[in-house]
1. If the Cβ limit is 8 Å and pairs must be 6+ apart or interchain, which residue in the stretch 188-213 that is touching a residue at least 24 places away in the same chain (Cβ under 8 Å) and over 24 Å from His224 (Cβ atoms) pairs with which residue that is assigned to a helix (DSSP H, G or I) and of a type in the set (Phe, Trp, Tyr)?
2. Being in contact (Cβ under 8 Å) with a residue 40 or more places away in the chain and among the charged types (D, E, K, R) is the filter here; which residues of the stretch 148-178 pass it?
3. Residues to consider are Asp138, Asp114, Asp128, Asp165; find the one that is under 30 Å from Gly227 (Cβ atoms) and either among the small types (Gly, Ala, Ser) or surrounded by 13 or more Cβ atoms within 10 Å (Cβ to Cβ) (or both).
4. For Thr103, work out the one condition from (1) of a type outside the set (Phe, Trp, Tyr); (2) within 20 Å of Tyr56 (Cα to Cα); (3) in contact with a Phe, Trp or Tyr (Cβ under 6 Å, 6 or more places away or on another chain) it doesn't fulfil.
5. Going by what's in this entry, would Glu97 be described as over 18 Å from Phe169 (Cα atoms) and acidic (Asp, Glu)?
6. In the stretch 49-96, which residues are part of a loop (DSSP other than H, G, I, E, B), hydrophobic (A, V, I, L, M, F, W, C) and surrounded by 17 or more Cβ atoms within 10 Å (Cβ to Cβ)?
7. Just wondering, is there one or more residues in the stretch 173-190 that are surrounded by 15 or more Cβ atoms within 10 Å (Cβ to Cβ), more than 22 Å from Pro53 (Cα to Cα) and not small (Gly, Ala, Ser)?
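The values are calculated or read from the model by the stated rules, or taken from the named source; none is laboratory data. Keep in mind it's a predicted model, so treat the numbers as computed, not measured. Cβ: placed from backbone, ideal geometry, glycine included. Neighbour counts: every protein chain shown.
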Amino acid sequence: MRYAICFTPSASDPLSHVAANWLGRNVFSGDMVEPPAIRGLGIHEIAFHTAVPRRYGFHGVLKAPFHLSSEVSESQLLRDLMRFCGTLSPFQIPRLEVARLGTFYSLSPIRPCDQVHYLSSAIVQEFDRFRAPLSEADIERSDPDGLSAAQFANLHRWGNPYVMDEFRFHMPVTGPVNAIDMPRIEQALRSIFDPVLVEPVTVSNVALMIEEGAGGPFRVHSLHPMGKVSARKIA
């Protein structure tokens, strides 16, 4: 079983609803959801292209999945995450857009957001003590030969190559897509997501996500509000 610290909008947010429909699974309940009807894109094709992100659920990773160290407990992780989030201030990410990252599609900020970059770096450092050391198999799965020097150093120091200066916030919505299919998939993604991406995205909670068994799907274990209770604005 692994844990991850992520951002995902609240369960009632329209973006969460649209993402759950597209991916075919609700990251809060774990329930499967029937995909939308899209002209020119069959249900089975949607299921194929969303297989990878469906397992992880709709999220933007802040601290990548990790096994819990034998020296700590889940209750300690929950307590410290709650306390940590109480020291943070909510903020907004500039509008998200459908963006291609290599062969994958994600929702990414239209311009860099220093606040989400700082949040991820702070969480990676603050909660590294909860992470069990990587095994040799874990390191090999990260394809160390294909990493840059900075990414290789991050892998061995923080358990993930893509942290600190190598971090780029994104919320995956497909697995790898063949070049010939990209125009159709991108058009479908824009038709689905653009209507709910017209406003900035408010980051006011941090999600602790949990893997349901080895290799199982992830779901939201708990949402941790940012800011002191007395200062929180009720939506």
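1. From the stretch 188-213, the pairs are Leu189/Trp22; Ile192/Trp22; Phe193/Trp22.
2. Correct list: Arg168 only.
3. Working: Asp138 fails: under 30 Å from Gly227 (Cβ atoms); Asp114 fails: either among the small types (Gly, Ala, Ser) or surrounded by 13 or more Cβ atoms within 10 Å (Cβ to Cβ) (or both); Asp165 fails: either among the small types (Gly, Ala, Ser) or surrounded by 13 or more Cβ atoms within 10 Å (Cβ to Cβ) (or both).
Just a single option satisfies the conditions, and that option is Asp128.
4. (3)
5. Working: over 18 Å from Phe169 (Cα atoms): no; acidic (Asp, Glu): yes.
For Glu97, the condition - over 18 Å from Phe169 (Cα atoms) and acidic (Asp, Glu) - is not met.
6. Step one: of the stretch 49-96, the residues part of a loop (DSSP other than H, G, I, E, B) are 50, 57-59, 69-73, 86-90, 94-95.
Of the ones still in play, those that are also hydrophobic (A, V, I, L, M, F, W, C) are 58, 72, 88.
Listed by number, the residues that qualify are Phe58, Leu88.
7. The answer is no, given that none of the residues of the stretch 173-190 is surrounded by 15 or more Cβ atoms within 10 Å (Cβ to Cβ), more than 22 Å from Pro53 (Cα to Cα) and not small (Gly, Ala, Ser).
Residue-wise test of (1) among the aromatic types (Phe, Trp, Tyr); (2) touching a residue at least 12 places away in the same chain (Cβ under 8 Å); (3) over 18 Å from Leu208 (Cβ atoms).
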site: Tyr105; (1), (2), (3): yes, yes, yes
site: Pro109; (1), (2), (3): no, yes, yes
site: Gln115; (1), (2), (3): no, yes, yes
site: Phe130; (1), (2), (3): yes, yes, no
site: Gly146; (1), (2), (3): no, no, yes
